[in-house]
Amino acid sequence: MKKKNKIVEILFIMAVAFILIISDRGKVYAADAVVSFGKDSYSVNMDDTFEIEVTIKADGNIGVYKVELQYDTGRLEYVSGAEAEEDGVITLEGTGFGNEITYDNITFKAIGGGNAGLKVKGAKIYSNGEEAESYAMGSQETLLINVDGTDTGEKSFLSSLWMKRKHRHHLIHMV
């Protein structure tokens, strides 16, 4: 009797496993994507024009993408390399063909001394294919750009970001 129950139990587990395998066919699972910079930091001189590399990388093929990068307008002036720029935010957008897209010519000019920065403000990256899904975004980077020259006296872009995080963290603990 125990042997018969064990056989029935094994057959039941096999049937359930078979159904689960068949029902998962054709489903697309969310993958990860990340936006990163070519270097951890840059050091430039006042009035230098310099290029920054930005890479969009995903676990699978990239379809349509739109990435917004916010920069320190008190210390940096956008020159070229992105699809659009407005009010301190540059936009990279288009259609990909592989799992990695690199912009190696995002050009800025250093206009004020001090610690400047560039951060990922937002990113929407979708897989390509018939059942395109958005990628889950990994943690996003902030790039430090040290501009050697007379400090503009303006509040640092990076300290503004830090204060926002600190304020947000403080509010979370107060709740």
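Below, the figures for the structure above:
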{"read-out": "In sequence order, calculated HN-Hα J values of segment 41-47 (Karplus, 6.51, -1.76, 1.60; Hz; x Gly/Pro)", "value": "7, 10, 10, 9, 9, 3, 6"}
{"read-out": "For D48, distant residues with modelled amide H under 5 Å away", "value": "A110"}
{"read-out": "Calculated FRET value between K39 and K124, using beta carbons and R₀ = 30 Å, to 0.05", "value": "0.75"}
{"read-out": "Footprinting exposure proxy for L118, L143 (fewest neighbouring C-beta atoms within 10 Å first)", "value": "L143, L118"}
{"read-out": "Where labels lie 7 Å past Cα in the beta-carbon direction, separation of T73 and K109 in nm", "value": "1.7"}
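Here, each number is a calculation from the coordinates, and none is a lab measurement. Source: prediction; values computed, not measured. Glycine also receives a Cβ, built like all others from the backbone with ideal geometry; neighbour counts cover every protein chain displayed.
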